[in-house]
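All remarks here apply to the structure that follows.
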Amino acid sequence: MNATKFLAEGHTARAARIRPGCGSATALNGDASMVTATSVDRERSAIVEQTAQAVSADQFKSAFRNHPAGVAVVSASAGGVNAALTVSSLSSLSAEPPLLVFSVSDISSSTPVVLAAETVVVHMLDAGCAWLAKLGAERGADRFRDAEQWDVLPGGEPFFVGAPVIVRARMVDRVRAGSSTLCIVEAVEIVDRGEAESDAARPLVYHNRTWHELSPASTLAF
């Protein structure tokens, strides 16, 4: 099926349930006007035209500015050197076995240490740990300058205090992808302060090049 036919059928099928703010079409809600074939065709043509063009780095980055992501800090030690960096690429892969994945960029000074380490510590952050997210993202910063903010696990990995969830994980695989490396790790220990399920939970999110805080007030009712 070609792109034009696929998009045409998809828009026709969804025309009656498009919601405001999701595309240029008008929602069907009570007395609202029906989406016209002309508007659907116009939107479809614009999408087809854009998909025929090569994707530039700036265009790719712009698209992902509208995609919010959770925030974590990964710390590790190798060859007697400690390192830590902020990542917004953390994702769960599998519950059995408990696998996580995150990416590290070639341009980060912390990347060589993380890739050389056999184990890492993943800190899942809330809004109260925004300072740690900023520290891990700051170029050239000494992440471990404040001795009160970090300690060392029995396995030798440095970790930061205060994160609501800390995962000690062993490196399973390293996969090159463009100018980054995907790190697949298996959780071996988890310290959870139990705040994720409480009303006090305030997850930290990165969106449009800045930090945001989620709360019960941001919940959408359907």
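For Val120, tell me the accessible area in Å² from a 1.4 Å probe, rounded to the nearest 10.
That residue has around 0 Å² of solvent-accessible surface.
Compare the peptides 160-170, 106-116, 211-221, 70-80 by average per-residue count of other Cβ atoms within 10 angstrom and give them in order, highest first.
Averaged packing, sorted descending, gives the order 70-80, 160-170, 106-116, 211-221.
Just to be sure I understand the model, the point goes 7 Å from the Cα along the line to the Cβ. What's the resulting Ser218 to Glu118 distance in nm?
About 3.9 nm, to one decimal.
Roughly how far apart, in whole Å, are the Cα centres of segment 39-112 and segment 118-183?
Each part reduced to its Cα centre gives a spacing of 17 Å.
So for the pair Gln59, Ala130, with labels modelled 7 Å out along Cα→Cβ, what separation do we get in nm?
Result: 3.4 nm between the two label points.
The values are calculated or read from the model by the stated rules, or taken from the named source; none is laboratory data. Just so it is clear, the structure is predicted and the values come from calculations on it, not from any experiment. When we count neighbours, we look across all protein chains shown, and the Cβ atoms used for this are built from the backbone with ideal geometry, even at glycine. Ligands, DNA and RNA are stripped out before the accessible areas are found, and what is left, the full protein with its side chains, is counted by its heavy atoms. Shrake-Rupley method; radii C 1.70, N 1.55, O 1.52, S 1.80 Å.
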